[in-house]
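The next block holds one structure in the form of structure tokens; read it before the comments.
No lab work stands behind these numbers, since they all come straight from the coordinates. If you're wondering where the values come from, they're calculated on a predicted model, not measured in any experiment. So basically every Cβ, Gly included, is an ideal-geometry build from the backbone, and we count neighbours across all protein chains shown.
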Amino acid sequence: MSRTIFVLNGPNLNLLGKRQPEIYGHATLADVEAECRRVGEGFGLEVRLMQSNWEGQIVDWIHEAREHAAGIILNPAALTHTSVAVLDALNTFEGPVLEVHISNVHRRESFRHHSYVSLRADGVIAGLGVEGYALAMRRMGTLVGS
Ligand code: DHK
């Protein structure tokens with residue numbers, strides 16, 4: 001059984017730390033990856049953090065997770081609010097799925113209030129900044145066992 005958690009990130013999150021820091025903060029995806037690895041080590045979990053601006057690439061990584069991941073932590077970014085394809089892909093994955101949003105999407109524009117991904121997610125974290133990823137990793141440790 002895989003001990004790897006896929007941490008998938010959607011469009012524009014490659015610019016984390018530079019993009020609208022008043023909303024998304026100053027930490028980078030490299031910082032997020034280091035923190036996820038640190039938390040994962042405590043549970044004997046490996047982390048593969050990936051980011052793409054392309055919907056199809058996110059779908060392909062979710063398919064890959066079917067064979068190679070025990071769980072998925074996903075910040076779909078804008079695809080949260082638009083992508084039936086990402087939802088359908090997640091519905092083919094049998095392990096736990098945790099949805100993370102850095103910002104509190106519910107305090108923002110109304111188009112950010114709906115998430116297709118939440119129809120599949122086992123849990124959702126929003127508005128806790130990049131700490132949300134580490135908290136999701138802790139929850140993964142509980143869900144997949146140490
Ligand atoms: C990130 C984005 O890029 C937005 O499109 C989402 C999400 C919110 C976040 O808070 O991490 O609406």
Return SER110, SER83 ranked ascending by Cβ neighbour count within 10 Å, so the fewest neighbours appear first. SER110, SER83
Just need the relative contact order of region 1-91 here, percent rounded to a whole number, with Cα pairs under 8 Å and 6+ apart. 46
What are the GluC sites (Glu not before Pro) within region 17-106 that DSSP puts in a loop, where the Cβ has at most 16 other Cβ atoms within 10 Å? GLU94
Fewest to most Cβ atoms within 10 Å: MET50, MET140 sort as MET50, MET140
Between VAL86, VAL97, VAL105, which gets the highest mean-square fluctuation from a Gaussian network model of the chain, Cα cutoff 10 Å? VAL105
Find the centroid of the Cα atoms in region 12-39 and in region 57-84, then give the distance between the two in whole Å. 18
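Where does each of ARG38, ARG120 land when they are ranked from fewest to most other beta-carbon atoms within 10 angstrom?
Listing ARG38, ARG120 from fewest to most nearby Cβ atoms yields ARG38, ARG120.
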Would you calculate, for the chain, the mean residue ellipticity at 222 nm contributed by helices, counting each DSSP H stretch of 4 or more residues as -39,500 (n - 2.57) and dividing by all residues, to the nearest 500? -11000 deg cm²/dmol
